[in-house]
Amino acid sequence: MANLKESSFWEEGIYQWETSDPVLGGENGIDNVPTRQLANRTKWLKDNKLDKSATAASADLAKKAQVADKLSKARNVGGVAFDGSADIDLPGVNKPGNQNTSGNAATASYAAQIAARKIGGVIFNAKTDIDLPGVNIKGNQDTSGNAATASKLQAACKIGDVQFDGTADIDLPGVNKPGNQNTSGNAATASYAAQIAARKIGGVIFNAKTDIDLPGVNIKGNQDTSGNAATATKLQTICRINGVPFDGSANINATPAGAIQFFAMETAPVGWLKANGAEVSRTLYANLFAAIGTTFGAGDEKTTFNLPDLRGEFLRGWDDGRAIDNGRILGSWQIGTPISHDDTYGIESFNPTNMCRDVREYGDNWNFDYWPEGFYTAPYGGVMKTYWNGFFTMTRPRNIALLACIKI
């Protein structure tokens, strides 16, 4: 248990405990602040020999003594009267004055002979370089003793109350080894500063007790963001990237949503989806939904829509009124069309049962009833295959399989 430390100082006010204050004792604890302030006042009154008979006016004067807002007698500062009640301007310091700048004082290259001075015993007027004996040339200085490479001080001195003469290392209690320094109070783990120690940050009172907001930092303020500030979020002049307007305020897609592209890999790259007929969110892929809508399927007709399914398909240009592929609408699917070719091979993709004829089997050979330019079917390996007598029906050219994707 220890007594409060008293200082002879008139406290302007006595701190009031708040309901939010923590219970905290010790030298710097918040619980001892009001008591210490009263003790400081008492000691100040005692030191200034003010007894109970002191008048209120004397006490008031005593309080103001250390916080005077005006000097009883004005003083001259740079020739200008100053009593502490207002700022002053000093001619020749913060405003033009009557100082004499005639001559070549501002650009003087050497001093007149009358103003020359000696440096190390050598006349110097700034007109030419000089050599100083014992500095940059040999001189008559006394280098006896161990001055240049001294390993010991002539007179030992104290560092942190520990004798030090340079002959050996020393330990300082409280620096590199434990000492008797006073670590009472919450100095080491203080979570906030007492009100008396609070400071302003960006004009906002901060005592580490709570977070603060700084106008113009983490909340809107009156800062000027004109010009090309280092953190500008928008370009003053809009430019175009691949024909798309860009001002830096939002991302852009140089490739428009809904574009189809093939990739030589099994997964869709970033910004693309597999064109596999999947049902996807209208919200998550809003740009794509705005571009293709429900052309390839309405999903659940509320929150989803379908992607085009290009798996295993050849692409064909939309007729769009040319009258080559009449009746087609954008995104519609079409069955393959047989094309005649001189050959006699079986095909699986077409099975016009209304054109089938009888088939007779002779050993490993198939023998078809003849029907000019007709279609025939027969079982082969458990699968019904269709044959064209005299001509081969071809619907698939040579090709290579790639991954079809759509831009989101």
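The values are calculated or read from the model by the stated rules, or taken from the named source; none is laboratory data. Every value quoted in this text rests on a predicted model; they were computed, and no experiment measured them. All Cβ positions, glycine included, derive from the backbone under ideal geometry; neighbour counts span all protein chains shown. Remember, those area values only see protein heavy atoms, side chains included, never the ligands or the DNA or RNA. Shrake-Rupley method; radii C 1.70, N 1.55, O 1.52, S 1.80 Å.
Descriptive notes on the structure:
- Single condition L38 does not satisfy, out of (1) assigned to a loop (DSSP other than H, G, I, E, B); (2) surrounded by 12 or more Cβ atoms within 10 Å (Cβ to Cβ): (1)
- Residue in segment 288-304 that is exposed (fewer than 15 other Cβ atoms within 10 Å of the Cβ) and under 22 Å from L403 (Cβ atoms) present: no
- Scoring R322 on the criteria (1) in a loop (DSSP other than H, G, I, E, B); (2) under 30 Å from T233 (Cβ atoms) leaves a single failure, condition (2).
- Being exposed (fewer than 12 other Cβ atoms within 10 Å of the Cβ), within 30 Å of F124 (Cα to Cα) and either modelled with pLDDT of 75 or more or among the hydrophobic types (A, V, I, L, M, F, W, C) (or both) is true of A105.
- Which numbered condition I170 misses (of (1) assigned to a loop (DSSP other than H, G, I, E, B); (2) at pLDDT below 85; (3) not polar (S, T, N, Q)): (2)
- V77 modelled with pLDDT of 85 or more, over 30 Å from K209 (Cβ atoms), out of contact with any strand residue (DSSP E or B) (no Cβ under 8 Å at 6 or more places or on another chain) and not charged (D, E, K, R): yes
- Applying the set (1) under 36 Å from the mean Cα position of the chain (by Cα); (2) open to solvent by less than 70 Å² (accessible area, probe 1.4 Å); (3) modelled with pLDDT under 95 to R282 leaves exactly one unmet item: (3).
- In segment 228-243, the residues that are under 16 Å from N218 (Cα atoms) reach residues that are modelled with pLDDT of 85 or more with C-beta atoms within less than 8 angstrom, at least six apart or across chains, in these pairs: A232/G248; T233/G248; T233/S249.
- G297 farther than 27 Å from N399 by Cα, at pLDDT 90 or above and touching a strand residue (DSSP E or B) at 6+ places or on another chain (Cβ under 6 Å): yes
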